[in-house]
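Take a look at the structure set out below.
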Amino acid sequence: LNPGLFSSVSAFAPIANPTECPWGHKCFGGYLGANKEAWKAYDATVLVRSYDGPPLDILIDQGAADNFLTEKQLLPEKFIEACKDSNVPCVLRMKEGYDHSYFFIATFMEDHMRHHAKHLHQ
């Protein structure tokens, strides 16, 4: 929706394709109503397929032991596929032994701060 506004993006275990998972259906239905076409404006996987802005530096950390990942609630693989199809670089780091907990985020938060900090002086 805002190409060029940001030069870096990062996320911890995001719901990467909410129009295609039960959590997304529940949340979008509750917040945006029943019109599933309207949901697409808020789905990162859908949006990256048509991204035509300046280059982005995207970092995603995902715990490999995250129950929500194995329950197909997060779908990072769909986002990575969309990035590849659209030639948008994205790094997905699968972290073995980590789940969806505060400990996971706290462990890698510094990496995400450094990821964004390298864009502050550009």
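FYI, it's all coordinate maths here, none of it is from the lab. Since the model is a prediction, treat every value here as computed from it, not as a measurement. Every residue, glycine as well, gets a Cβ built from its backbone with ideal geometry; the counts of neighbours run over all protein chains shown.
Applying a 4.7 Å Cβ-Cβ cutoff to the chain, the cysteines left without a disulfide-compatible partner are Cys21, Cys27. Note on the chain: Lys pairs 8 or more places apart or on different chains, Cα atoms under 29 Å apart, count 20. Kirkwood radius, segment 36-95, all distinct C-alpha pairs, inverse of mean reciprocal distance: 12.5 Å. With the charge dipole of the chain set up from +1 on Lys and Arg Cβ and -1 on Asp and Glu Cβ about the Cα centre, the Cα lying farthest toward the positive end among the listed residues Gly53, Cys27, Thr107 is that of Gly53. Read phi for every residue in segment 87-93 and hand back ³J(HN,Hα) as whole Hz from Karplus 6.51 cos²θ - 1.76 cosθ + 1.60, θ = phi - 60°, with x for Gly and Pro. So the Karplus estimates, Gly and Pro as x, are 6, 9, x, 8, 10, 10, 10 Hz.
Over the chain, dividing the summed -39,500 (n - 2.57) contributions of all DSSP H runs of at least 4 residues by the number of residues returns a 222 nm mean residue ellipticity of -12000 deg cm²/dmol.
Near the amide H of Gly63, within less than 5 Å, lie the amide hydrogens of Ala13, Lys95, all on another chain or at least 5 residues away, with H placed in the peptide plane. Close amide-amide hydrogen proximity is noted between Ser10 and Leu59, each under 5 Å apart and 5 or more residues distant or on a separate chain (H modeled in the peptide plane; Pro and chain starts excluded).
List the equivalent ellipsoid semi-axes of the chain in whole Å, largest first, each obtained as the square root of 5λ for an eigenvalue λ of the Cα gyration tensor. Numbers along the way, then the final one.
On the way: eigenvalues 102, 86, 31 Å².
In descending order, the three semi-axes are 23, 21, 12 Å.
Comparing Gln62, Ile80, Phe6 along the charge dipole axis of the chain, the residue lying farthest to the positive side is Phe6, per the Cβ-charge model. Karplus-based coupling profile of segment 65-75, in residue order and whole Hz: 9, 6, 4, 5, 5, 5, 7, 6, 8, 9, 6, with θ = phi - 60° in 6.51 cos²θ - 1.76 cosθ + 1.60 and x standing for Gly or Pro. Computed from point charges on the beta carbon alone (+1 for Lys and Arg, -1 for Asp and Glu), the dipole magnitude for the chain about its Cα centre is near 200 Debye. For the chain, relative contact order (Cα pairs under 8 Å, six or more residues apart, normalised by length) works out to 33 percent.
Using only the C-alpha atoms, the convex hull of segment 8-52 corresponds to 81 Å³ per residue. As a calculated quantity, the FRET efficiency between Ala41 and Ala106 at R0 = 35 Å, using C-beta atoms, amounts to about 0.65. Once both labels are positioned 7 Å from their Cα atoms along Cα-to-Cβ, the gap between Lys118 and Ala64 label points is 2.3 nm.
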